[in-house]
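What follows is a single structure, and I will ask about it in a moment.
The values are calculated or read from the model by the stated rules, or taken from the named source; none is laboratory data. Here the structure is a predicted model, which is why all the values come from computation and not from measurement. FYI the Cβ positions are ideal-geometry reconstructions off the backbone, even for glycines, and counts take in every protein chain you see.
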Amino acid sequence: MTNPNYHAGHVAVIGRPNVGKSTLINALVGTKVSITSDRPQTTRHRLLGIATFEHGQVALVDTPGLHGAQNKAMSRVLNRAARGALEGVDAAILVVEAGRWDNEDTLAFDALKNANVPVLLVVNKTDKLRDRAALLPYLAEVTEGRDFASVHPVSALRRKGLDELVQVVLPLLPEQPPLYPEDDVTDRSMRFLSAEFVREQLMRQLGAELPYATAVEIERFEEDGAMFRIGAVIWVERESQKAIVIGKGGARLRAIGTKARVQMEKLFDRKVFLETWVRVREGWSNDEAALRALGYQD
């Protein structure tokens, strides 16, 4: 890359759970690399979304939402992962929900204070504001006494306001060639993404509490000609949860597998044969050793 005006670098995307961080990253990258749902703790792993533009490349570090409560090992691991994402980045984006600022937003902002990088405030979900006239007073309130490099009201879901965000982010990054091949959209393997697509369907299709007692492990990932053969284990903590995931006559497990497979085929651009099993591992979500064994890293 010989363009002297080309900028490339890493940008951490931080915020409390369920403000739309993953939706924002997917919109900027231009394809789905990070799973989404309307439930907190959807993102459990650090993931890089690589957005390449004509004049620069932004490597977006998707992070778990910062939680105020840390009474379980899972919450502690997720909080450490989110804070660890700030190491070595060139800038950070704090994502909040339009019209709302609570203690967990303050927790996320405070985590950025010692990062010593420019922090941009992205106010997401502006399309859901009932009273549009309330946006300006809200922006004035949340920025008072807080130092942001810039403020961007956006709707990540509708891809509104993102061009302006990119125009401001790129000059904050070092002047250098792309850090990743221009066709790459993430640093994660297809094996990892397969597990995430299965977990996304667990988050979307199960009740309010059960998804947090589930994890997904890929036992088999094989290339068979033009097809991937994938075997995924869904871990739960109790036998009663296993029955719920499987559903009557296996209907829910089939629906989870079918919808996950469709997402895999879209991203991998090839046919996928997916098998799923449900197994019990008691207390895994409150056992840091078990979490590490299942791929949860600080």
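Given the options Leu121, Leu165, name the one that is touching a residue at least 40 places away in the same chain (Cβ under 8 Å) and not hydroxyl-bearing (Ser, Thr, Tyr).
The match here is Leu165.
Please enumerate the residues belonging to the range 91-110 that are among the hydrophobic types (A, V, I, L, M, F, W, C), crowded, with 20+ Cβ neighbours inside 10 Å and more than 22 Å from Gln57 (Cβ to Cβ).
Within the range 91-110, Val96, Ala98, Ala108, Phe109 qualify.
Of all the residues that make up the range 100-114, how many are part of a loop (DSSP other than H, G, I, E, B) and in contact (Cβ under 8 Å) with a residue 60 or more places away in the chain?
Count: 1.
Name the residue, out of Val262, Val198, that is under 21 Å from Gly49 (Cα atoms) and at pLDDT 95 or above.
Going through Val262, Val198 in turn, the sole match is Val262.
Please give the number of the condition Phe268 fails out of (1) surrounded by fewer than 19 Cβ atoms within 10 Å (Cβ to Cβ); (2) at pLDDT below 95; (3) more than 30 Å from Gly56 (Cβ to Cβ); (4) in contact with a helix residue (DSSP H, G or I) (Cβ under 9 Å, 6 or more places away or on another chain).
(3)
Given (1) at pLDDT below 95; (2) in contact with a strand residue (DSSP E or B) (Cβ under 8 Å, 6 or more places away or on another chain); (3) surrounded by 19 or more Cβ atoms within 10 Å (Cβ to Cβ), where does Ile230 come up short, assuming only one miss?
All conditions pass for Ile230, except number (1).
Each row is one residue, and each column tells you yes or no for (1) buried (at least 24 other Cβ atoms within 10 Å of the Cβ); (2) touching a helix residue (DSSP H, G or I) at 6+ places or on another chain (Cβ under 8 Å); (3) modelled with pLDDT under 80; (4) outside the structural domain of Thr214 (by TED's automatic domain parsing).
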| position | (1), (2), (3), (4) |
| --- | --- |
| Gly15 | yes, yes, no, yes |
| Ile25 | yes, no, no, yes |
| Gly30 | no, no, no, yes |
| Thr36 | no, yes, yes, yes |
| Gln41 | no, yes, yes, yes |
| Arg46 | no, yes, yes, yes |
| Ala51 | no, yes, no, yes |
| His55 | no, yes, no, yes |
| Leu60 | yes, yes, no, yes |
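Of all residues in the range 248-265, how many are surrounded by fewer than 16 Cβ atoms within 10 Å (Cβ to Cβ) and either in contact with a Cys (Cβ under 8 Å, 6 or more places away or on another chain) or small (Gly, Ala, Ser) (or both)?
Matching residues across the range 248-265 total 4.
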